[in-house]
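Input: a single structure, listed below in structure tokens.
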Amino acid sequence: MRYLFWRLAVFVAACIAPVMWLHQAWILDLGPDPGKALVDRFGLGTLVLLLITLTMTPLHRITGWAGWVLVRRQLGLWCFTYALLHMLGYGFFILGFDWAQLGVELVKRPYIIVGSLAFLGLLALAVTSNRHSQRRLGARWKKLHRLAYLILGLGLLHFLWIVRADLKEWAVYALIGALLLVLRIPAIARRIPRLSNRRAGAATKV
Amino acid sequence: MLIKIPSASACKESDVTPESIYLSRRAVLGASLAGLAVSALPSWAQAADPVSQYDGVDAGSAPGWFKDKLPSTKWQAVTVQNEAITPYKDATHYNNFYEFGTDKGDPAQNADSLKTEPWTVVVDGEVGKPGRYALEDFMKPYQLEERIYRLRCVEAWSMVIPWMGFPISELLKQVEPTSKAKYIRFETLQDSKMMPGQRSSFALIDWPYVEGLRLDEAMNPLAILAVGMYGRELPNQNGAPLRLVVPWKYGFKSVKSIVRISLVSEQPKTTWQSIAANEYGFYANVNPTVDHPRWTQARERRLPSGLFSPNIRPTEMFNGYGEQVASLYTGMDLRTNY
């Protein structure tokens, strides 16, 4: 496998945060409301991973290094994993697995609706992330996976509706997200300078 | 990861522990402390810091006027039945005090920069005796009482905290509101040098923080101005040196680090109301039947909550203080006056 150590390093890096958080929760270092803290961290982690995943293609365009796109799928799957843990944590710690209440929340709370839609989007991308689906969907696969941009928008909206009094943190993430989307506008993408003349070649095939 | 999902009938440890033992232990300790106070002790013993009856309480450095009031404090003047008091560490490290940052841990980390001595409180508006007082003079007329109250945050978590303070009704007796006074308005310190949260240019809050009560609400014996908790002076992150505590309302009503108290004729425009009137009303009574638009208020997480036993419990109307306060709102539609 090419770039084995690079892939492993990414894998380990993505593992570290959740392992650390669970450890902190275990030793009672997350404060009096550890469940809520975990839900918040996995939620923010999902957003950060989505942003990192969306950075791989522009980085590849700029540097020409194939390693960036080689870890894109892995990062996307990590993003989904964090989102899944975020959802499970919400169900267990906030809802107490009260399904009737979940029904109410899904109908009444815009930020829950938007968050759930974003999760369904991530689920669709995770399920179709394998090579078999890529082959079967052909050209439609690429279109489908542009859903990531919509998911980013939904995720940011979900986050915005949770903010109560200070927009600074949200604004930083929103700005980075907007920049990553702007870089994908064809007219702008064409103008991205290449630092290396190395042909991207086969590396674009994920 | 092991996820234990207890069946509905399973008893939690907290259900089994006879909490009356907890409380009676505290009553014994409290009574012995009160006994200590009335017995004629040599002055050197009275001057010594009393040992707090709560576990894990930082010693702090109480101002002289506070220490002087300790011997005459009425311990356990109001208590709660069958409730465990929230550990001191949690009550002082999980705070909403946006003047020091929006994270729950920010106030404990940043509030050291707040200087509470000297402290001035202004009393003005529709009162017979307006004035500007040094805190020690402001506090002179009042005997401290310990009030153990449930605290329910609008964010759906809750704690049980032993406050020390005095009823607002006693303050009103001192300052003599005029017939035009209909509301009482409280204002938090505005000082961006001491309060880093006030320096954020992305904050949605228009400082200073303002809260208010209807005059009859303020007269209710449960409404107090607090200067201490857990047997000591208020830690900075909990609103030192003077804060409001209204246990039947969501926590954000209980304004911290008060510098100005005004009697006014019009309903004051409160901070959260100004940010989002559809989410935070003037009354903000704890009410499980009226949801916050973004989350349910039917239940709450009583902190500390364990990783494997989220301490979720139903929220009570008026936070369980209905007997004492429901009459304030007879004839009012609490769905529109949330």
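Points to keep in mind about this one:
- Note on the range B:237-322: enclosed strands (runs of 3 or more DSSP E) holding 1 or more residues that are within 12 Å of chain A (Cβ to nearest Cβ) and either over 16 Å from the mean Cα position of the chain (by Cα) or more than 29 Å from residue A:93 (Cβ to Cβ) (or both) are B:299-302, B:312-314.
- Put simply, of A:115, A:103, A:67 the only residue that is closer than 30 Å to residue A:187 by Cβ and either in contact with a strand residue (DSSP E or B) (Cβ under 8 Å, 6 or more places away or on another chain) or small (Gly, Ala, Ser) (or both) is A:67.
- Complete set of residues in the range A:29-49 that are within 12 Å of the chain's Cα centre (by Cα), of a type in the set (A, V, I, L, M, F, W, C) and more than 22 Å from residue A:3 (Cβ to Cβ): A:42, A:44, A:47, A:48
- Of the residues in the range B:186-201, none is within 12 Å of chain A (Cβ to nearest Cβ), closer than 30 Å to residue A:166 by Cα and among the acidic types (Asp, Glu).
- Residues of the range A:108-165 that are of a type in the set (Ser, Thr, Tyr) and within 30 Å of residue B:275 (Cα to Cα): A:111, A:116.
- Matching residues in the range B:121-149 - criterion: being within 22 Å of residue B:236 (Cβ to Cβ) and touching a Leu at 6+ places or on another chain (Cβ under 7 Å): B:121, B:135
- Test: residue in the range A:97-104 that is of a type in the set (Val, Ile, Thr), over 18 Å from the mean Cα position of the chain (by Cα) and within 14 Å of chain B (Cβ to nearest Cβ): yes
- Check on residue B:231, surrounded by 21 or more Cβ atoms within 10 Å (Cβ to Cβ) and either over 21 Å from residue B:173 (Cα atoms) or out of contact with any strand residue (DSSP E or B) (no Cβ under 8 Å at 6 or more places or on another chain) (or both): yes
- Selection of helices (runs of 4 or more DSSP H) fully inside the range A:13-130 by the criterion of at least 2 residues being of a type in the set (Ser, Thr, Tyr) and crowded, with 21+ Cβ neighbours inside 10 Å returns A:34-63.
- Exactly one residue among B:221, B:235 is in contact with a Pro (Cβ under 6 Å, 6 or more places away or on another chain) and not aliphatic (A, V, I, L, M), and that residue is B:221.
- Residues of the range A:124-180 that turn out to be away from every other protein chain (no Cβ under 14 Å) and under 15 Å from the mean Cα position of the chain (by Cα), as a count: 21
- Considering the range B:53-120, the qualifying helices (runs of 4 or more DSSP H), each wholly inside and each with 1 or more residues that are over 18 Å from the mean Cα position of the chain (by Cα), run over B:64-69, B:106-110.
- Residue within the range A:37-51 that is within 14 Å of another protein chain (Cβ to nearest Cβ), of a type in the set (Val, Ile, Thr) and free of Cβ contacts under 8 Å to residues at least 12 places away in the same chain present: no
- Test: residue in the range A:134-147 that is aliphatic (A, V, I, L, M), touching a helix residue (DSSP H, G or I) at 6+ places or on another chain (Cβ under 8 Å) and either surrounded by 17 or more Cβ atoms within 10 Å (Cβ to Cβ) or farther than 19 Å from residue A:121 by Cα (or both): yes
- Out of B:242, B:234, B:263, B:215, sole residue that is farther than 26 Å from residue B:317 by Cβ and without any contact (Cβ under 8 Å) to a residue 60 or more places away in the chain: B:234
Readers should treat all values here as calculations from the given coordinates under stated rules, not as data from a laboratory. Because the structure is predicted, anything quoted here is derived from the model rather than measured. As a convention, Cβ positions derive from the backbone with ideal geometry for all residues, glycine included, and neighbour counts pool all protein chains shown.
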